[in-house]
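Worksheet: one structure, shown below.
The values are calculated or read from the model by the stated rules, or taken from the named source; none is laboratory data. Values in this document were obtained by computation on a predicted structure and should not be read as measured data. Cβ atoms come from the backbone with ideal geometry, glycine included; neighbour counts cover every protein chain shown.
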Amino acid sequence: MSLLARLVLATVVASVAAQCPTGFFEAGGGCFGVIDQQGVDLTWDDCRKLCQDLSTSEFHVDLATFDDAEQLEAFSTAWLVIGATYDPDPYMWIGVEKVGEEWQTVDGRSVSLQTNMWLVGHPHDMGTAVFLSDVTLDTGENSYGRQYFHCSMGIFEHHSRCLCRATSASRS
């Protein structure tokens, strides 16, 4: 990559990061924030409400969605550093749920069953909502910090961490 291209990319990344609300970090062009309540059992619905409660006149906040696998990869890379400041926990709820027979993001976009964002073996028939799974923490296998979509085992599953995404209120 040329020096000019690197400078332009650095400017764009800095611009996006500057546009994230306080407490959120930039990854792959998105603004992400973590709600971590260790020892508290949160359902997917609980997390969605907690994220939405962070909305302001400038930012709409909801459970996190990813535009594509590259953005999930960028988040995974950022989480290697940021996640080190949190207690180890391999799971966090995100904004994907099963609607009828289809998996959709909270903003209504379909999530393909063939996307490489899903953990092998997922989604499955019992799943209703999605959380990120850090394979390294979950299984002990080295995944280089890669996060994958993992579907719940039913409506009563709980986790203590929520991943939120903020978007400009003027875009929502």
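For beta carbons closer than 7 Å, sequence separation of 6+ or different chains, a first residue in segment 118-135 that is surrounded by fewer than 16 Cβ atoms within 10 Å (Cβ to Cβ) and a second that is assigned to a strand (DSSP E or B), the qualifying pairs are 124/151. Being among the β-branched types (Val, Ile, Thr) and part of a loop (DSSP other than H, G, I, E, B): is that true of residue 77 here? So residue 77 does not fit the description; no. Consider segment 116-149 and keep the residues that are in a strand (DSSP E or B) and of a type in the set (Ser, Thr, Tyr). The one that is modelled with the lowest pLDDT is 148. Restricting attention to segment 98-117, the residues that are surrounded by 16 or more Cβ atoms within 10 Å (Cβ to Cβ) and touching an Asp or Glu at 6+ places or on another chain (Cβ under 7 Å) add up to 2. Please determine, by comparing only the residues of segment 37-54 that are touching a residue at least 60 places away in the same chain (Cβ under 8 Å) and over 20 Å from residue 127 (Cα atoms), which one is surrounded by the fewest Cβ atoms within 10 Å (Cβ to Cβ). Among those residues, the one meeting the criterion is 39.
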